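Structure first, commentary second.
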């Protein structure tokens, strides 16, 4: 990716503490238009925390977020959604008691009429659109009126992904999008992600499966103990790639060294518990 | 995601899931209600008589309306222990408006509804903003409302003797004028009307959808960009408004606001909701179920009284049925 472009997302010096645990210690991350960025790291490296800061699920203790070069204020998930950022959470974040259509439209129900806070939903439109969305993504669910609790793990994941991409988001974050899937389904999801890029979306994928990132990613960023230790294009062959990334993940290599991070030098706890 | 061989079984499973999603418990409750009717009718010739049935309907009106409000709150996986005394406080406020201040009756009714909604709103703020567990927040409101009702009324009943129309609103019978001999009090129709409105809110509006979503997965609802605190507060305020309506009906029925009454009503209301199949763990519940549950409690109380079962034993039976209803819910979930 050309670095002269303005990043669509720029996170600067993001810090996040959970009590005494320093989950993020000043992370910088850019995402460029039309790019697929892989975000990797060991457990508790801070990947999910960083992405939850971007999606508004967490407020950072320090740091700035810029969208299209402009400072953006993301105080809650509502803000980030309005700015065109969608996140597929690792646990899917679905309401099991609601049906598929209700989950797809949760938080942006189609309203027929409103009287103050009384808003009458247009269920039929929501069901039709949810059906169209499922068909477009070739998701195999017989009825959008099925409750999520009656779906298989793969179907739930499909609903979660479908919900995130159904509304033309500019930035899509996926936390372990292939974790609950069979091998055949993984192929489908990876193809889907590639096609989303063709439609103009920029995508960040958190994954333990380095082969997935190698296959569809343009660039990979590695986090370790709340710091970014590598940020480089995906290149070479898969074995070389895997070897390098793992070296960064376990701390054998570090592109950003110890020259920054002065403020936290003293409080380096051996391993943050929460991510 | 499914191979060709499993596709058939999957779709059968899915179709069955569509059908039985929440019908079972309602069916069970309705069958129970019918069974009670049959048993009591056979046991006593006095049970299935027009006047007695009217008595049952009337007895259900207040508890039923309270239970409608509690349904919303329990569906969010919350609880409201304050409905009984908020009902009393609302009745007292209606009395203050109509009897003390001589204001028109519609304003008195409005005052009752607004008092209930305000109490519910305060509950909602305490729970959503101050993060006080619903059990504690509404327990506090229960005591506050009881105290306020006594303070405002001077611990004495407020009678509506100068305004007979207030009592007529609930106890008169519009339909009796249309169909002579069919003197069903308006309160019964007010209950049915309130139930229809409650059902529309729960199933057709965004507020109803978020009520279920909150009880199903509050964090997921928040991550979907829903302002969870505001909507939760709205649910408690709505529940409070139903308590206010219950207070107005209660006052009309007794032709007075009785400040010492009210504690204990919340338990009957919660029992009705639970018997009607609403899950205490949230995300699941229907208005029809609640109405059936409220009728089961009234029929049971009435039938046992007709059979001269002492009141103490009536309470034992009602309590046992609540436990059985929750157990049935647990069994149903386990089988799913």
Quiz item: Could we say that residue A:140 is out of contact with any strand residue (DSSP E or B) (no Cβ under 6 Å at 6 or more places or on another chain), over 29 Å from residue A:54 (Cα atoms), at pLDDT below 90 and not in a helix (DSSP H, G or I) here?
Solution: yes
Exercise. Quick one: in segment B:218-242, of everything that is at the interface with chain A (Cβ under 7 Å from one of its Cβ atoms) and in contact (Cβ under 8 Å) with a residue 12 or more places away in the chain, which residue is farthest from residue A:107 (Cα to Cα)?
Key: B:234
Exercise. Would you check if residue A:151 is out of contact with any helix residue (DSSP H, G or I) (no Cβ under 6 Å at 6 or more places or on another chain), buried (at least 20 other Cβ atoms within 10 Å of the Cβ), over 22 Å from residue A:196 (Cα atoms) and more than 8 Å from chain B (Cβ to nearest Cβ)?
Key: yes
Quiz item: Does residue A:130 count as more than 8 Å from every other protein chain (Cβ to nearest Cβ), touching a helix residue (DSSP H, G or I) at 6+ places or on another chain (Cβ under 6 Å) and crowded, with 19+ Cβ neighbours inside 10 Å?
Solution: yes
Exercise. Only one of these is farther than 18 Å from residue B:237 by Cα and within 15 Å of the chain's Cα centre (by Cα): B:149, B:61, B:117. Name it.
Key: B:61
Quiz item: Do you know which residues across segment A:18-28 are in contact with a strand residue (DSSP E or B) (Cβ under 7 Å, 6 or more places away or on another chain) and surrounded by fewer than 22 Cβ atoms within 10 Å (Cβ to Cβ)?
Solution: A:26, A:28
Quiz item: Of the residues in segment B:255-265, how many are under 16 Å from residue B:149 (Cα atoms) and either in contact with a strand residue (DSSP E or B) (Cβ under 7 Å, 6 or more places away or on another chain) or assigned to a helix (DSSP H, G or I) (or both)?
Solution: 3
Quiz prompt | Unique match (being touching a strand residue (DSSP E or B) at 6+ places or on another chain (Cβ under 7 Å), crowded, with 19+ Cβ neighbours inside 10 Å and under 27 Å from residue B:305 (Cβ atoms)) among B:91, B:67 | solution = B:91
Quiz item: Given the structure, is residue A:129 without any contact (Cβ under 8 Å) to a residue 40 or more places away in the chain, under 20 Å from the mean Cα position of the chain (by Cα) and under 19 Å from residue B:206 (Cβ atoms)?
Solution: no
Quiz item: What number of residues within segment A:163-175 are away from chain B (no Cβ under 13 Å) and in contact with a helix residue (DSSP H, G or I) (Cβ under 9 Å, 6 or more places away or on another chain)?
Solution: 4
Quiz item: Which condition breaks for residue A:181 when tested against (1) more than 12 Å from every other protein chain (Cβ to nearest Cβ); (2) within 29 Å of residue A:45 (Cα to Cα)?
Solution: (1)
Quiz prompt | Residue match in segment B:289-298 (condition: assigned to a loop (DSSP other than H, G, I, E, B), closer than 30 Å to residue B:94 by Cα and at pLDDT 90 or above) | solution = no
Quiz item: If residue B:98 passes every condition in (1) surrounded by fewer than 20 Cβ atoms within 10 Å (Cβ to Cβ); (2) modelled with pLDDT of 95 or more but one, which one does it miss?
Solution: (1)
Practice problem: Please determine, by comparing only the residues of segment A:1-43 that are assigned to a loop (DSSP other than H, G, I, E, B) and under 16 Å from residue A:205 (Cα atoms), which one is modelled with the lowest pLDDT. | Solution: A:43
Quiz prompt | Hits in segment B:195-246 (condition: outside any helix (DSSP H, G or I) and closer than 23 Å to residue A:74 by Cα) | solution = B:217, B:224, B:225, B:226, B:227
Quiz item: Which of the residues belonging to segment A:196-223 are out of contact with any strand residue (DSSP E or B) (no Cβ under 6 Å at 6 or more places or on another chain) and more than 14 Å from residue A:169 (Cβ to Cβ)?
Solution: A:198, A:207, A:208, A:209, A:210, A:211, A:212, A:214, A:215
Quiz item: For segment B:165-213, which residues satisfy the criterion of being more than 9 Å from chain A (Cβ to nearest Cβ) and either under 30 Å from residue A:90 (Cβ atoms) or touching a strand residue (DSSP E or B) at 6+ places or on another chain (Cβ under 6 Å) (or both)?
Solution: B:211
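Residues being more than 8 Å from chain B (Cβ to nearest Cβ), part of a strand (DSSP E or B) and either in contact with a strand residue (DSSP E or B) (Cβ under 9 Å, 6 or more places away or on another chain) or at pLDDT 95 or above (or both): count how many of those fall in segment A:109-123.
Final tally of qualifying residues: 3.
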Quiz item: Hey, does segment A:57-66 have a residue that's closer than 17 Å to residue B:207 by Cα and at the interface with another protein chain (Cβ under 7 Å from one of its Cβ atoms)?
Solution: no
Quiz prompt | Odd one out for residue B:153, checked against (1) out of contact with any strand residue (DSSP E or B) (no Cβ under 7 Å at 6 or more places or on another chain); (2) touching a residue at least 40 places away in the same chain (Cβ under 8 Å) | solution = (1)
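Residues checked against (1) over 20 Å from the mean Cα position of the chain (by Cα); (2) assigned to a strand (DSSP E or B); (3) touching a residue at least 40 places away in the same chain (Cβ under 8 Å); (4) within 19 Å of residue B:216 (Cβ to Cβ):
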residue	(1), (2), (3), (4)
A:45	no, no, yes, no
A:86	no, yes, yes, no
A:91	no, no, no, yes
A:107	no, no, no, yes
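Does segment A:62-76 contain at least one residue that is closer than 30 Å to residue A:148 by Cβ and buried (at least 23 other Cβ atoms within 10 Å of the Cβ)? Break it down stepwise before answering.
To start, the set of residues in segment A:62-76 that are closer than 30 Å to residue A:148 by Cβ comprises A:74-76.
Right, trim to buried (at least 23 other Cβ atoms within 10 Å of the Cβ) and you get none.
No: segment A:62-76 contains no residue that is closer than 30 Å to residue A:148 by Cβ and buried (at least 23 other Cβ atoms within 10 Å of the Cβ).
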Quiz item: If you scan segment B:247-285, which residues turn out to be farther than 20 Å from residue B:171 by Cβ and under 11 Å from the mean Cα position of the chain (by Cα)?
Solution: B:266, B:267, B:268, B:269, B:270, B:271, B:272, B:273, B:274, B:276
Exercise. Go over the candidates B:237, B:251, B:213 one by one and state the one that is surrounded by fewer than 24 Cβ atoms within 10 Å (Cβ to Cβ), in contact with a helix residue (DSSP H, G or I) (Cβ under 9 Å, 6 or more places away or on another chain) and within 20 Å of residue B:70 (Cβ to Cβ).
Key: B:237
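The values are calculated or read from the model by the stated rules, or taken from the named source; none is laboratory data. As the structure is a prediction and not an experimental result, all values here were calculated from the model. Because the Cβ atoms are built from the backbone with ideal geometry, glycine has one as well, and the counts that use them run over all protein chains shown.
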